[in-house]
Amino acid sequence: MTLDLLVVAPHPDDAELGAGGTLAKAARAGRAVGVVDLTRGELGSKGDPETRAREAEAAARVLGLALRENLGFPDGGLTDDAGMAAVLAERIRALKPRVLLAPHPEDRHPDHVGAAALVHRALHLAGLARADVEGRPHKPERLLHYPGNDPVRPDLLVDVSRVIEVWEAAVRAFASQFAGEDVSETVGPAGLEARRALRRYWGQLAGVAYAEPFVSPRPWLVDLP
């Protein structure tokens, strides 16, 4: 399989929260898009791994994903680990994404920070011809970071106005996380409302209804007319 767009997510629902609109828009444009969840979210305050796995499958159907898989790394234990990086590098080689979206490296959740470092190492391994990783070397054309729990200063915005309801439906597929009383500002009804409001804010800055922000480690080249 060759993916146009791959999101690496620390926990089930992080891909939807950070880049779900972009995933939905790409899928509806005929692109092959996928998500690799790193953990099963077993330490989460709401739900359990089995429930979240079913919810992840439901969200994948809403978004129109070509692939979703879970590597089963330990929740609460994502770090710049050579063994985990080799496993992820193998998946990158197998899926051959043109664009890879990873968590932003600055976040108050340690797993998000660890996942960003893990993706960095895995991308390096995936591109090395002599790395002890199964498959042919592969380097995505572009790496972008999506926000988690902390604000970011984006380098680009993706207009998700036409798929904002699809985005919300995908997030709501994780009913165990977005129902009942809030346990933090990141989950529950208030958390969902805040995430939608942020997309409205970024959209207003770009002159559209809703947009998702991304950070690029490398500058973008734009030709002036």
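Structure data summary
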read-out: Residue count for segment 175-216, restricted to those that are modelled with pLDDT of 95 or more, surrounded by 12 or more Cβ atoms within 10 Å (Cβ to Cβ) and in a loop (DSSP other than H, G, I, E, B); value: 4
read-out: Those residues of segment 105-122 which are more than 20 Å from GLY44 (Cβ to Cβ) and in a loop (DSSP other than H, G, I, E, B), in sequence order; value: PRO105, GLU106
read-out: In segment 43-59, residue modelled with the highest pLDDT [restricted to those that are over 21 Å from ALA102 (Cβ atoms) and part of a loop (DSSP other than H, G, I, E, B)]; value: ASP48
read-out: Selection from segment 2-42 of residues that are over 19 Å from ALA116 (Cα atoms), assigned to a loop (DSSP other than H, G, I, E, B) and touching a Gly at 6+ places or on another chain (Cβ under 8 Å); value: LEU3
read-out: Residue list for segment 70-90, filter: of a type outside the set (S, T, N, Q), over 20 Å from PRO217 (Cα atoms), free of Cβ contacts under 8 Å to residues at least 60 places away in the same chain and surrounded by fewer than 22 Cβ atoms within 10 Å (Cβ to Cβ); value: LEU71, GLY72, PRO74, GLY76, GLY77, ASP81, ALA82, GLY83, MET84, ALA86, VAL87, GLU90
read-out: So LEU3, is it within 26 Å of VAL158 (Cβ to Cβ), of a type in the set (A, V, I, L, M, F, W, C) and in contact with a His (Cβ under 9 Å, 6 or more places away or on another chain); value: no
read-out: Test for LEU63: is it touching a strand residue (DSSP E or B) at 6+ places or on another chain (Cβ under 8 Å) and either surrounded by 18 or more Cβ atoms within 10 Å (Cβ to Cβ) or at pLDDT 95 or above (or both); value: yes
read-out: Any hit, segment 152-167, residues being assigned to a loop (DSSP other than H, G, I, E, B), over 25 Å from PRO213 (Cα atoms), among the β-branched types (Val, Ile, Thr) and in contact (Cβ under 8 Å) with a residue 40 or more places away in the chain; value: no
read-out: Condition met for GLU168 (of a type in the set (D, E, K, R), modelled with pLDDT of 95 or more, within 21 Å of the chain's Cα centre (by Cα) and within 20 Å of HIS109 (Cβ to Cβ)); value: no
read-out: Counted residues, segment 37-59 - those being surrounded by 23 or more Cβ atoms within 10 Å (Cβ to Cβ) and under 15 Å from the mean Cα position of the chain (by Cα); value: 6
read-out: In segment 123-140, residue surrounded by the most Cβ atoms within 10 Å (Cβ to Cβ) [restricted to those that are assigned to a helix (DSSP H, G or I) and out of contact with any strand residue (DSSP E or B) (no Cβ under 8 Å at 6 or more places or on another chain)]; value: ALA126
read-out: Hits in segment 19-55 (condition: polar (S, T, N, Q) and within 17 Å of GLU69 (Cβ to Cβ)); value: THR39
read-out: Residue list for segment 136-151, filter: in contact (Cβ under 8 Å) with a residue 24 or more places away in the chain and under 22 Å from VAL113 (Cα atoms); value: PRO140, ARG142, LEU143, LEU144, HIS145, TYR146, PRO147, GLY148, ASN149, ASP150
read-out: Number of positions in segment 39-67 that are touching a helix residue (DSSP H, G or I) at 6+ places or on another chain (Cβ under 6 Å) and not β-branched (Val, Ile, Thr); value: 6
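The values are calculated or read from the model by the stated rules, or taken from the named source; none is laboratory data. These figures come from a predicted structure and were not determined experimentally. As a convention, Cβ positions derive from the backbone with ideal geometry for all residues, glycine included, and neighbour counts pool all protein chains shown.
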